[in-house]
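K.L.:
After the structure tokens below, expect a handful of questions from me.
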Amino acid sequence: MSSNLVQSTLARALYIATSGMVVQNKRMLIISENLANAGVKNTAPGVMPYKRRVPSFKTIYDKKTKSELVTLSKINHDKTPFPKVFSPNDPAADKDGFVYESNVKSILEMADMREASRSHEGNLKVYERILAMLQNTINLLKNN
């Protein structure tokens, strides 16, 4: 196998691992926003509170790197209904005396955060291993 092919294949693998780390960083940002807004109530009658955001990802073919990379596709809003709390004296209460809370569930966000962290760590390990393989290839070429 030629050294150019090895380096090209390993370089593509670096791009793929990097794209995985980038999307997991974006996912963590969305999770952080969700957690920051957990339990937030509406501020006025008819105004709904923060809606949980859910990222979705897709694979794209990058012509420059000749690689299948993962990227953020879009950010959807969770369609789970807002929990409502009976609080007729709250200025934000609707005509029936209910105040609405964000549909963010902290326990779900923490599970998503753990999964995103593990995915990021897996991609980082791949990245580090590829760098070591590239260094080994360079060392072999120096010795020939």
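K.L.:
Looking only at region 5-55, count every residue that is surrounded by 17 or more Cβ atoms within 10 Å (Cβ to Cβ), in a loop (DSSP other than H, G, I, E, B) and modelled with pLDDT under 95 and tell me the total.
P.N.:
1
K.L.:
Name the single residue, out of those in region 59-114 being among the acidic types (Asp, Glu) and closer than 17 Å to Leu29 by Cβ, that is surrounded by the most Cβ atoms within 10 Å (Cβ to Cβ).
P.N.:
Glu109
K.L.:
Would you point out the residue of region 59-93, among those that are among the hydroxyl-bearing types (Ser, Thr, Tyr), out of contact with any helix residue (DSSP H, G or I) (no Cβ under 7 Å at 6 or more places or on another chain) and in a strand (DSSP E or B), that is nearest to Val40 (Cα to Cα)?
P.N.:
By that ranking, first place goes to Ser73.
K.L.:
All but one of (1) free of Cβ contacts under 8 Å to residues at least 24 places away in the same chain; (2) exposed (fewer than 15 other Cβ atoms within 10 Å of the Cβ) hold for Ser117, so report the exception by its number.
P.N.:
The one condition Ser117 does not meet is (1).
The values are calculated or read from the model by the stated rules, or taken from the named source; none is laboratory data. The structure presented is a predicted model; accordingly, all values stated were derived computationally and were not measured. FYI the Cβ positions are ideal-geometry reconstructions off the backbone, even for glycines, and counts take in every protein chain you see.
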